[in-house]
Every structure is written in structure tokens, then in C-alpha cells.
Amino acid sequence: MILLPKSFSLYNYDFLLYDGGVALSLLQSISIIAAGVPVGIILTSMLGYALTKEDMPGHKFLGAFLIFNMYFGGGLIPFLILVKAIRMYDTFW
């Protein structure tokens, strides 16, 4: 058993990056992040601003609802059942 390589080679990295599979997956992940992060920040900021206004109708209910969901999440299994039910498993979104 030899632990040190006989010669230095970047062939495996070249195969992974230019074969198309890994590069396409990386591009897809970056595009989802580039679209999702700004939308998430905007929606979270809007909800946070709305929750600071005590005269907003439903302020206490919405705050209690969000805190309850922070402490008691639904879980991964129901989410996967939903994703399979609406046929979004193994798709872009």
C-alpha cells in the first residue's frame, strides 16, 4: 500500500470541473442562492418592520404564531412528503 502519489496530477479536478456535471450543479446552486438571499432578506425585513408596529391588526397573533413555529418546527419528513406530492422532487426548484 502506497500512501504517497508517484507524480503530481490535476487530472481528477479537470475531469470533475470540465465534464459538465459538477460545474452545472455549482452554477445551479449559485443561481438559486443569488435569487433566494435577496428575496429572503426583503421579506424578512418587511415582516420585522410590520411586527414592530403595535397598532397593526393581528400583531399579537402573528408574533405568537411566529414564535410558536420557531420553537416547534414541522420537521423534515412532512416536508419531503409534500415535495413528493407536488412532484417537485429532483427538479430545479
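Averaging the Cα positions of each part gives two centres, and for the range 63-85 and the range 11-45 these lie 25 Å apart.
Of all the Cα-Cα pairs you can form in the chain, what percent are over 23 Å apart? Please report the intermediate quantities before stating the final value.
Details: 2589 of 4278 pairs.
Here the tail beyond 23 Å accounts for 61 percent of pairs.
Per-residue ellipticity at 222 nm, computed for the chain from helices alone with -39500 (n - 2.57) per DSSP H run of at least four residues, works out to -22500 deg cm²/dmol.
Enter the accessible area per residue of the range 51-93 (Å², integer; probe 1.4 Å; all protein chains in place). All intermediate terms of the calculation are to be shown ahead of the outcome.
On the way: 4220 Å² over 43 residues.
Heavy-atom SASA per residue in the range 51-93 reads 98 Å².
Each principal axis of the Cα cloud of the range 49-93 was taken in turn, and the coordinate range along them, longest first, works out to 43, 21, 13 Å.
For the range 1-79, the list of trypsin sites (Lys or Arg not before Pro) that fall in a loop by DSSP and count at most 15 other C-beta atoms within 10 angstrom reads K6, K53. Counting only protein heavy atoms and a probe of 1.4 Å, the accessible surface of the range 1-75 is 73% carbon and sulfur. For the chain, the residue among S29, N12, A64 whose Cα projects farthest onto the positive side of the dipole built from Cβ charges is A64.
The values are calculated or read from the model by the stated rules, or taken from the named source; none is laboratory data. Predicted model, so just to flag it, every value in this text is computed and none were measured. When we count neighbours, we look across all protein chains shown, and the Cβ atoms used for this are built from the backbone with ideal geometry, even at glycine. All accessible areas refer to the heavy atoms of the entire protein, side chains included, with ligands and DNA or RNA removed. Shrake-Rupley method; radii C 1.70, N 1.55, O 1.52, S 1.80 Å.
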